[in-house]
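Undergrad: Sharing a structure, written as structure tokens. Questions coming.
Just so it is clear, none of the values below were taken in a lab; they were calculated from the coordinates. Small disclaimer: the values here were computed from a predicted structure and weren't measured. Positions of Cβ are generated from backbone atoms using ideal geometry, with glycine treated the same way; all protein chains shown enter the neighbour counts.
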Amino acid sequence: MADSALLDGSLQVLIEGGDAALSAVADLVSRAEAEDPALASLIVSAPVLLAPLPRPRKNVFCVGRNYAEHIAEGARAQNTKVAVTEVPVYFTKPCTAVIGPNAPIPVFPHVSEQIDYEVELAVIIGKPGRDIPKDRAYDHIWGYTILNDITARDVQRRHGGQYFKGKGLDGSCPLGPVVVTRDEMADPQNVGLRTLVNGAVRQNSTTALMIFDIPTLIASLSEGLTLEPGDILATGTPSGVGYAMEPPSFLKDGDTVVCEIDGIGRLENPVRTA
């Protein structure tokens, strides 16, 4: 499996290859860093980064309302009461929404005038499982990346508050710039995450403030539902989104959005009219 993963070259097959495939890649990296002449022809001086999983095999799993301050700001903006749910709220984004770092986030003025951003820590599943207990949840994680849950707020409201349509537009799921493996992030439940729009900080928080932690999310989502290698789970966004600002501030053509998570890096995307 390790050999097939190396020959295939995709992250999906590498994840499916398990520890043996990852070990084989680690060996190649070590040899490349040591300037092994046998690998000289494989070195790319200026690689173009794509989404780590540019065409996920499933819809991207997402979690809503997982930070208390985000729930509170949404309630204020909508002048309504929004309670913390007893169990996680899930929705999905289609694979056609996924784009990589530096790829333009398309806006569709004829569809939406309220395009918003949401920085999220995304979990990449490595080991398949169903009905996964909390105390074994981390065993099923391959790594972590950054996800920007781009949302058309007016479309979301137009469809009765149901999340899928407003969060499923083309290009509404920037992903990357890399995936860090599970061993590279000692405590994913205590890392900083932030969003900048045109250089101004909009979101600035920590994953320690999640209402439902990562083991709880994996255990809940996997109840009667098999998680498979390469599945993506976005874990929710903190406060600071555009629609809750006074006045609201939505993304427009010409903007630049940067999502950062400590230990992973920066996911930067321009915004362009489609």
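Undergrad: Calculate the FRET efficiency for D131 and K252 from the Cβ-Cβ distance with a Förster distance of 41 Å, rounded to the nearest 0.05.
TA: Values: r = 45 Å, r/R0 = 1.09.
E(calc), rounded to 0.05, equals 0.35.
Undergrad: Using a simple charge model, +1 on the beta-carbon of Lys and Arg, -1 on the beta-carbon of Asp and Glu, nothing else, what dipole does segment 24-183 show about its Cα centre, in debye to the nearest 20? Please report the intermediate quantities before stating the final value.
TA: Numbers: 18 positive and 18 negative charges, 157 e Å.
Magnitude of the dipole: close to 760 debye.
Undergrad: Once every DSSP H run of n ≥ 4 in the chain is given -39500 (n - 2.57) and the sum is divided by its residues, what mean residue ellipticity at 222 nm do you get, rounded to the nearest 500 deg cm²/dmol?
TA: On the way: 7 runs with 59 residues, N = 274.
Per the formula, -6000 deg cm²/dmol.
Undergrad: Between N204 and L42, what's the calculated FRET efficiency when r is the beta-carbon distance and R0 is 35 Å? Round to 0.05. Let's see the in-between values first.
TA: On the way: r = 39 Å, r/R0 = 1.12.
Once the sixth-power term is evaluated, E becomes 0.35.
Undergrad: How far apart, in nm, are two points set 7 Å out from the Cα along the Cα-to-Cβ line at Y90 and at A68?
TA: A separation of 2.6 nm, rounded to one decimal place.
Undergrad: Among L147, L50, L42, determine the one that fluctuates most according to a GNM of the chain built with springs between C-alpha atoms less than 10 Å apart.
TA: Of the options given, L42 has the highest mean-square fluctuation.
Undergrad: Pop a pseudo-label 7 angstrom from the Cα along the beta-carbon direction at both D19 and Q78 and give the gap in nm to one decimal.
TA: That separation, rounded to one decimal, is 4.5 nm.
Undergrad: Hey, got the dipole for the chain? About the Cα centre, +1 on K and R Cβ, -1 on D and E Cβ, debye to the nearest 20? Before the final figure, lay out the partial values.
TA: Numbers: 23 positive and 34 negative charges, 223 e Å.
For the chain, the charge dipole is close to 1060 debye.
Undergrad: By a straight-distance test (C-alpha under 24 Å), which lysines pair with K167 as possible cross-link partners, with residues fewer than eight away in the same chain excluded?
TA: Reachable lysines: K58, K81, K93, K252.
Undergrad: Further question: Highest GNM mean-square fluctuation, the chain, Cα pairs closer than 10 Å: which of A26, A137, A40?
TA: Maximum fluctuation in the GNM of the chain, among the listed residues, is at A40.
Undergrad: Calculated FRET efficiency, E33 and R57, Cβ-Cβ r, R0 22 Å, to nearest 0.05? Mind dumping the intermediate values first?
TA: On the way: r = 32 Å, r/R0 = 1.44.
So the FRET efficiency works out to roughly 0.10.
Undergrad: Given springs between every Cα pair under 10 Å in a Gaussian network model of the chain, which of I264, I141, I43 has the largest fluctuation?
TA: Checking each option, the largest mean-square fluctuation is seen for I43.
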